[in-house]
């Protein structure tokens, strides 16, 4: 069983700023701490969210801010938001740029608009020597091709859904592969196989709360405390000690985010 007295883990991607946590945010954080969640990284999705993320992270040393513009909302972002992002990063501490990326599901923003905002943000990450927190849905090849244009850029692809071969390509480009609750579902065969085979030194753990709950919390609000279920499942899939996975994924997150 996971022993929080000896091993701590990091939720590398959690939207604690979302309204879903307005009624019990402090209790959610306390539950996470009680399960051994040592740090939580909070990515920004739009300009109007940055100040609240700054506020909640400023009040808790276990919370770490990222600032970015999500591709899901690319139709709402403006060119001025990119200008403001550069300024915001000059004036405020953060551990990464993002959540940025590409989302090619139906009814998403125009691909060319998404690509414009994604490239602008990874350029900012590159020039500021910050890692990029990348969202990729049905767009892994385009994400790889964009990243290639910025040698030395580091980051993570959160809630990974690509192939094993694409994961290795991303790892070789300096990116971590972040694994969440999806691996706890038996029908996620491709993802489970990928998570079993890629190097442990390249894996991060996340919840993406309040979304993407694990199988034990299907159709419920997700929260950081449930990260222990992802850890346990990954240990079972890889047939590796839970302690080893906890230690290495924590070390990976600390190295990427400098926390």
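For the pair residue 259 and residue 34 in one chain, pulling the backbone fully straight at 0.36 nm per residue adds 79.0 nm over the alpha carbon distance. Modelled this way, with points 7 Å down the Cα-to-C-beta line, the labels at residue 218 and residue 26 are 3.6 nm from one another. Calculate the spin-label point distance for residue 239 paired with residue 8, positioning each point 7 Å from the Cα along the beta-carbon direction, and give it in nanometres. Roughly 3.3 nm, to one decimal. For segment 180-259, the gyration tensor built on C-alpha atoms gives an oblate shape. Its axis ratio a/c (a ≥ b ≥ c) is at least 1.5, and a/b is not larger than b/c.
Here r is the Cβ-Cβ distance between residue 51 and residue 187 and R0 is 25 Å; the resulting FRET efficiency, rounded to 0.05, is 0.05.
Can you sort 82, 245 from fewest to most other Cβ atoms within 10 Å of each residue's own Cβ?
Values: 82 18, 245 22.
The order, fewest Cβ neighbours first, is 82, 245.
Run the helix sum for the chain: -39,500 (n - 2.57) per DSSP H stretch of 4+ residues, divided by residue count, reported at 222 nm to the nearest 500 deg cm²/dmol. Walk me through the numbers before you get to the answer.
On the way: 9 runs with 105 residues, N = 259.
Taken over the chain, the calculation gives -12500 deg cm²/dmol.
A Förster distance of 25 Å, applied to the separation of the beta-carbon atoms of residue 116 and residue 62, puts the FRET efficiency at 0.10.
Values in this text are rule-based calculations from the coordinates and carry no lab data. Since this is a predicted model, take the numbers as computed values, not measurements. Please note: Cβ atoms are built from the backbone with ideal geometry, for glycine as well, and neighbour counts cover all protein chains shown.
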